[in-house]
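The block underneath contains the structure these notes are about, expressed in structure tokens.
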Amino acid sequence: MTTKIGLISDVHGSPEPLRQALVIFKQEDVTKTICAGDIAGYFEQLAETINLLENHDCETIIGNHDQEFLEENLDLKNSDDYLFLQSLPETREYEIEGKKLCVVHAHPPAFQHGGIKLLDQGGKIIPQQKDYWNEELAGFNYDVLVVGHTHQVFAEYLGDTLVVNPGSTQFNHSCQVLSLPDMTVQTFALGNKEIVKCWNFSYLFRPDNDYPPMKK
């Protein structure tokens with residue numbers, strides 16, 4: 001038996017790309033939808049975005065933009081949007097078709113900043129970065145790690161773990177479908193736009209940015 005899982009991340013208060021991803025997931029007969037965080041941030045249609053996630057039973061985690069929303073909008077603490085974001089866990093874990101999955105916004109164990117940055121500005125793997133994360137994830141006790149945050153699109157084995165980042169529905173124009181137990185990943189473009197494998201490269205690797213530094 002094959003189980004298909006729809007993967008999205010970094011929707012950033014922009015419902016239309018999210019809606020397109022959900023249509024793709026229906027067409028692909030996914031049985032579960034997972035979001036790797038950052039529901040809020042950048043765009044203002046947070047309520048509509050949350051409604052889409054809830055109406056499609058999307059299982060999500062909290063991201064750094066969601067945490068910032070909670071900290072900066074205490075006057076909204078009784079609103080539905082605030083309560084939804086407040087209820088989100090930092091991580092999720094699953095066992096599906098005999099495979100163990102972990103979902104974290106940036107990188108394990110539960111970081112919301114930093115993130116697994118593998119790609120250069122053109123979307124190609126940076127060997128030093130892959131080597132770094134191979135070492136960091138050696139012995140990581142999961143078959144699949146789902147991450148977001150970096151606005152990079154990839155599915156790479158790091159250590160013994162398949163690390164998957166579906167990218168931002170808004171900025172990378174992408175979503176993914178993970179098939180288990182065969183551990184295959186399909187990436188789909190959203191909005192008839194070309195997938196941007198690495199969005200905002202200069203921000204991701206600026207010298208004063210967060211952990212980890214780019215390896216020399």
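So which of 83, 52, 22 is part of a helix (DSSP H, G or I), at pLDDT 95 or above, surrounded by fewer than 16 Cβ atoms within 10 Å (Cβ to Cβ) and on the phi < 0 side of the Ramachandran plot?
83 is the lone residue from the list that is part of a helix (DSSP H, G or I), at pLDDT 95 or above, surrounded by fewer than 16 Cβ atoms within 10 Å (Cβ to Cβ) and on the phi < 0 side of the Ramachandran plot.
Being under 21 Å from residue 146 (Cα atoms) and not β-branched (Val, Ile, Thr), is that true of even one residue in segment 43-50?
Within segment 43-50, not a single residue is under 21 Å from residue 146 (Cα atoms) and not β-branched (Val, Ile, Thr).
Applying the selection to segment 1-44, what residues are more than 21 Å from residue 162 (Cα to Cα), of a type in the set (S, T, N, Q) and over 17 Å from the mean Cα position of the chain (by Cα)?
If the condition is that a residue be more than 21 Å from residue 162 (Cα to Cα), of a type in the set (S, T, N, Q) and over 17 Å from the mean Cα position of the chain (by Cα), then 27 is the only one that fits.
Within the group 39, 34, 8, which residue is buried (at least 21 other Cβ atoms within 10 Å of the Cβ), touching a Cys at 6+ places or on another chain (Cβ under 6 Å) and of a type in the set (Val, Ile, Thr)?
Criteria check complete, one pass: 8.
Looking at (1) closer than 14 Å to residue 37 by Cα; (2) in a loop (DSSP other than H, G, I, E, B); (3) under 13 Å from the mean Cα position of the chain (by Cα), find the lone condition where residue 88 falls short.
(3)
Hey, can you tell me all the residues within segment 127-186 that are outside any strand (DSSP E or B) and charged (D, E, K, R)?
Across segment 127-186, the qualifying residues are 130, 131, 135, 136, 143, 160, 182.
Answer with yes or no whether residue 119 is crowded, with 17+ Cβ neighbours inside 10 Å, in contact (Cβ under 8 Å) with a residue 24 or more places away in the chain, in contact with a strand residue (DSSP E or B) (Cβ under 7 Å, 6 or more places away or on another chain) and more than 22 Å from residue 34 (Cα to Cα).
Criteria met by residue 119.
The values are calculated or read from the model by the stated rules, or taken from the named source; none is laboratory data. Not measured: the values here are computed from a predicted model. All Cβ positions, glycine included, derive from the backbone under ideal geometry; neighbour counts span all protein chains shown.
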